[in-house]
Structure formats: C-alpha cells, structure tokens
Amino acid sequence: MFYTKIISDLRGKADEVILFHSSTGKDSIMLCDLLSKSFNKVLCVFMYLVKNLDYENKYIAWAEKKYSNLTFIQTPHYALPSFIKYGYLGIKKDESITKTSISKIDQKIRITQNINWSVYGFKKNDGLTRRLMLNQLPTGINYKTQKAYPLMDLSNSDVLRYISDNSLIQPFCYAKDRPSSGCDISQPLFLSYIKKKYPNDLKKIFEQFPFTEAILFRYEQRETS
C-alpha cells in the first residue's frame with residue numbers, strides 16, 4: 001500500500017524520526033507499529049491537556065513495552081496556552097501567556113533532540129483543510145518542511161483493520177459513534193465514561209477545568225429525569 005512507499009522513501013532520508021502521538025488514537029497506534037519496524041529510533045511526542053491521566057498513560061506504557069526503539073516525551077498541548085489565555089472551561093486565566101502551535105512545538109523538539117524529520121497521522125478524510133493540504137503532497141512527504149504523512153490516503157476503517165490484523169491495542173473509545181477518541185473534556189459522554197472507568201482522572205480534569213463538573217452534572221440530570 002502507499003503508506004509503505006512513503007515510509008520507505010522517508011527511511012532513505014533519516015534513521016530517526018519524531019512522531020506526534022495522541023497516545024490513545026488509532027492513527028498513532030498504527031504509525032507506532034509501522035515506524036518502529038523501519039527506523040532506529042522513534043521519538044513520540046505526546047501533547048497533553050491534563051497531565052498524567054491514567055487512561056492515557058496506559059497506552060503510552062503499552063507502546064513503550066512493545067517497541068524497544070520507541071520513547072515518549074510529553075509536553076503541554078498546543079491548544080493549552082489559548083485555553084489559559086481565555087480561561088476556557090474555568091481553567092486559571094492568564095492573559096499574558098503566549099499562544100503556540102504544533103509547528104512551533106515541532107521545531108523546538110527537533111532542535112533539542114537533534115532529529116530533523118517529523119511524522120504526522122493526518123489523513124485526507126479528516127476534513128477539508130487536511131484534504132486540501134495533503135492534496136498538494138502527491139508523495140506524502142513535504143521535503144521542504146521535512147514532514148511526512150504516511151496515512152494520508154487511508155480511511156478510518158483501513159486503520160482499524162490494520163490494528164486488528166496486527167493484534168495491536170484497540171484505540172480508546174468512550175462511545176460507539178467515536179471509535180477513536182481523545183481527551184474530549186467538553187463532551188459529557190466522555191466525562192461520564194471517565195467517571196465510571198477512571199475516577200481519579202476525572203478529579204484531575206475537574207481541578208484543571210472546573211466548569212467541566214457542571215457539564216457532567218447537567219448531563220446526568222438530563223439522563224435521570
């Protein structure tokens with residue numbers, strides 16, 4: 001498949017890569033498996049909204065145990081400074097904080113880790129913006145920015161099939177219509193699931209984003225009325 005060609009071409013340029021990794025998502029799970037088979041070192045960058053959540057750490061621990069040439073570093077999510085600047089969901093507000101971006105985080109990590117190439121799990125079917133961007137990269141590699149997108153032409157079902165066929169850990173899922181989900185702190189279904197399965201994580205979310213407690217309360221009131 002085309003993703004193997006992209007990885008092969010990238011391997012001709014580098015023996016170490018940075019992978020921006022969501023910890024729990026299907027695209028990251030597939031890319032971990034693919035990249036670990038081709039590169040000497042895969043440095044996974046996990047960007048967190050709430051630090052040290054058990055349900056996310058479980059996935060990180062699984063990957064580190066399975067792949068000996070893979071390591072994780074963690075850094076605040078690029079959206080977090082914006083959340084703090086505007087006090088999103090009750091987070092402690094600081095209007096003086098400087099916004100950042102995934103590109104700025106990428107560049108900083110490249111310098112500190114001395115790795116020049118980055119891999120992302122972007123796919124054309126993720127949305128119009130992604131499709132327009134990736135349509136400009138027929139090889140799946142942007143040689144100018146030194147970024148690669150091996151999964152660009154895959155569907156969500158293609159990724160889930162790869163995970164199943166290779167007996168990899170299943171992506172985090174808190175609802176049937178969300179087969180691969182992240183830390184959706186504004187979603188009541190997510191908060192309800194975390195309350196049932198990872199109550200300590202819910203406490204950390206409430207502490208950092210106090211208004212999420214009201215979101216969950218209103219949801220539970222509707223469900224019981």
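Please state which one of PRO171, PRO150, PRO138 is part of a loop (DSSP other than H, G, I, E, B), touching a Phe, Trp or Tyr at 6+ places or on another chain (Cβ under 7 Å) and under 30 Å from PHE2 (Cβ atoms). That would be PRO150, the only listed residue that is part of a loop (DSSP other than H, G, I, E, B), touching a Phe, Trp or Tyr at 6+ places or on another chain (Cβ under 7 Å) and under 30 Å from PHE2 (Cβ atoms). There is no residue in the range 58-67 that is at pLDDT 95 or above, touching a helix residue (DSSP H, G or I) at 6+ places or on another chain (Cβ under 9 Å) and of a type in the set (Asp, Glu). Do we have any residue at all in the range 169-188 that's more than 18 Å from the chain's Cα centre (by Cα) and buried (at least 16 other Cβ atoms within 10 Å of the Cβ)? Within the range 169-188, one or more residues are more than 18 Å from the chain's Cα centre (by Cα) and buried (at least 16 other Cβ atoms within 10 Å of the Cβ).
Close Cβ contacts (under 9 Å, 6 or more residues apart or on different chains) running from residues in the range 118-129 that are more than 20 Å from LEU10 (Cβ to Cβ) to residues that are among the charged types (D, E, K, R) and surrounded by fewer than 16 Cβ atoms within 10 Å (Cβ to Cβ) comprise ASN125/ARG131. Note on the range 195-206: residues that are out of contact with any Asp or Glu (no Cβ under 8 Å at 6 or more places or on another chain) and either surrounded by 12 or more Cβ atoms within 10 Å (Cβ to Cβ) or within 12 Å of LEU53 (Cβ to Cβ) (or both) amount to 7.
Only residues that are assigned to a loop (DSSP other than H, G, I, E, B) and hydrophobic (A, V, I, L, M, F, W, C) were counted across the range 156-168, and they come to 1. Out of (1) closer than 24 Å to ASN114 by Cα; (2) under 20 Å from the mean Cα position of the chain (by Cα), what's the single condition that is false for LEU49? Of (1) closer than 24 Å to ASN114 by Cα; (2) under 20 Å from the mean Cα position of the chain (by Cα), only one is false for LEU49: (1). The condition (being hydroxyl-bearing (Ser, Thr, Tyr) and either more than 29 Å from GLU213 (Cβ to Cβ) or free of Cβ contacts under 8 Å to residues at least 60 places away in the same chain (or both)) is satisfied by just one residue among THR24, THR71: THR71. Of the residues making up the range 114-121, none is at pLDDT below 95, within 18 Å of the chain's Cα centre (by Cα) and either of a type in the set (S, T, N, Q) or farther than 20 Å from THR212 by Cβ (or both).
Considering only residues that are farther than 21 Å from LEU10 by Cβ and over 19 Å from the mean Cα position of the chain (by Cα), which ones fall in the range 130-160? The one that is farther than 21 Å from LEU10 by Cβ and over 19 Å from the mean Cα position of the chain (by Cα): LEU132. Counting only helices (runs of 4 or more DSSP H) wholly contained in the range 182-225, the ones carrying 3 or more residues that are touching a residue at least 40 places away in the same chain (Cβ under 8 Å) occupy 199-208.
With respect to the stated conditions, SER23 is under 23 Å from ASP165 (Cα atoms), touching a Phe, Trp or Tyr at 6+ places or on another chain (Cβ under 6 Å) and crowded, with 21+ Cβ neighbours inside 10 Å.
The values are calculated or read from the model by the stated rules, or taken from the named source; none is laboratory data. Worth saying up front: this structure is predicted, and the values here are computed from it rather than measured. In this analysis, Cβ positions are derived from the backbone assuming ideal geometry, glycine residues included, and neighbour counts consider all displayed protein chains.
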